[in-house]
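Student: Here it is, the structure, as structure tokens.
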Amino acid sequence: MNATFILSAAKPEQFIKSSLPEICFAGRSNVGKSSMINKILNRKNLVKVGNTPGKTRLVNFFNIDDKYIFTDLPGYGYAAVSKSERAAWGRLIEYYFAKRENLSLCVLLLDIRRVPNDDDMKMIAAMQSRNVPLISVLTKADKLSNNDKAKQIKIISEKTGIDKANLIVFSAVTGTGKEQIWQEIEKITAI
């Protein structure tokens, strides 16, 4: 698979223009967006991964086999940046969702160890209100036992209203869920 970095955009006028289906990756800070993109593309360092939450501060665009554009969005909800910086990220992301005509799918990442918060629920509602297909991926699955995973899947399903069967359990460490994510991407973008 040929995956190439295109550019990082700090403001909307820097966003790329493309006719390819666009797939964005969204979620709260430190949920594992960059790690997941690297894993599903079989790349180690295509997307920069940081140990510090809030590493992704720009909208990053990638060309995948001249078939898709992947967009890595800044994480939301990170408290260790200024309110003005958080507000700027929010405006950037809102503009992104409002204006991306080729946005075909949002991959929403939720940490399987956490109960979805208000920001997660707002993201789900925003995609539903814009009729953007959404797949929900529960990251960091390798950090829980099978029993704890089952409990968390139930809690997350009840909180979000997303059927348990539609929650993809994923680990960037083991690759669990990788094939299922690709199946969903291909199914939804083929429509």
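Student: Looking at Val107, is it outside any helix (DSSP H, G or I) and open to solvent by less than 60 Å² (accessible area, probe 1.4 Å)?
Tutor: Yes: the conditions hold for Val107.
Student: Taking region 36-48, which residues are open to solvent by 10 Å² or more (accessible area, probe 1.4 Å), more than 15 Å from Pro74 (Cβ to Cβ) and of a type outside the set (A, V, I, L, M, F, W, C)?
Tutor: Lys39, Asn42, Arg43, Lys44, Asn45
Student: Is it true that some residue in region 102-115 is within 15 Å of Ile162 (Cα to Cα) and at pLDDT below 95?
Tutor: no
Student: I need the full set of residues from region 60-98 which are among the β-branched types (Val, Ile, Thr) and modelled with pLDDT under 90, in order please.
Tutor: Those that are among the β-branched types (Val, Ile, Thr) and modelled with pLDDT under 90: Val81, Ile93.
Student: Restricting to region 115-173, name every residue that is among the basic types (Lys, Arg) and within 23 Å of Pro21 (Cβ to Cβ).
Tutor: If the condition is that a residue be among the basic types (Lys, Arg) and within 23 Å of Pro21 (Cβ to Cβ), then Arg130 is the only one that fits.
Student: Among residues belonging to region 157-191 that are touching a Ser or Thr at 6+ places or on another chain (Cβ under 8 Å) and β-branched (Val, Ile, Thr), point out the one that is surrounded by the most Cβ atoms within 10 Å (Cβ to Cβ).
Tutor: If we take residues in region 157-191 being touching a Ser or Thr at 6+ places or on another chain (Cβ under 8 Å) and β-branched (Val, Ile, Thr), then Ile168 is surrounded by the most Cβ atoms within 10 Å (Cβ to Cβ).
Student: Could you list, in sequence order, the residues of region 11-31 that are assigned to a loop (DSSP other than H, G, I, E, B), exposed (fewer than 12 other Cβ atoms within 10 Å of the Cβ) and without any contact (Cβ under 8 Å) to a residue 60 or more places away in the chain?
Tutor: Matches in region 11-31: Lys17 only.
Student: Could you please find all residues in region 176-191 being at pLDDT 95 or above and part of a loop (DSSP other than H, G, I, E, B)?
Tutor: The answer is Thr176, Gly177.
Student: Residues in region 148-155: is at least one surrounded by 13 or more Cβ atoms within 10 Å (Cβ to Cβ), modelled with pLDDT of 95 or more and not in a helix (DSSP H, G or I)?
Tutor: Checked against the condition, which is being surrounded by 13 or more Cβ atoms within 10 Å (Cβ to Cβ), modelled with pLDDT of 95 or more and not in a helix (DSSP H, G or I), region 148-155 yields no hits at all.
The values are calculated or read from the model by the stated rules, or taken from the named source; none is laboratory data. Remember, it's a predicted structure, so these values are computed and weren't measured experimentally. In this analysis, Cβ positions are derived from the backbone assuming ideal geometry, glycine residues included, and neighbour counts consider all displayed protein chains. Keep in mind that these areas ignore ligands, DNA and RNA; they rest on the heavy atoms of the full protein, side chains included. Shrake-Rupley method; radii C 1.70, N 1.55, O 1.52, S 1.80 Å.
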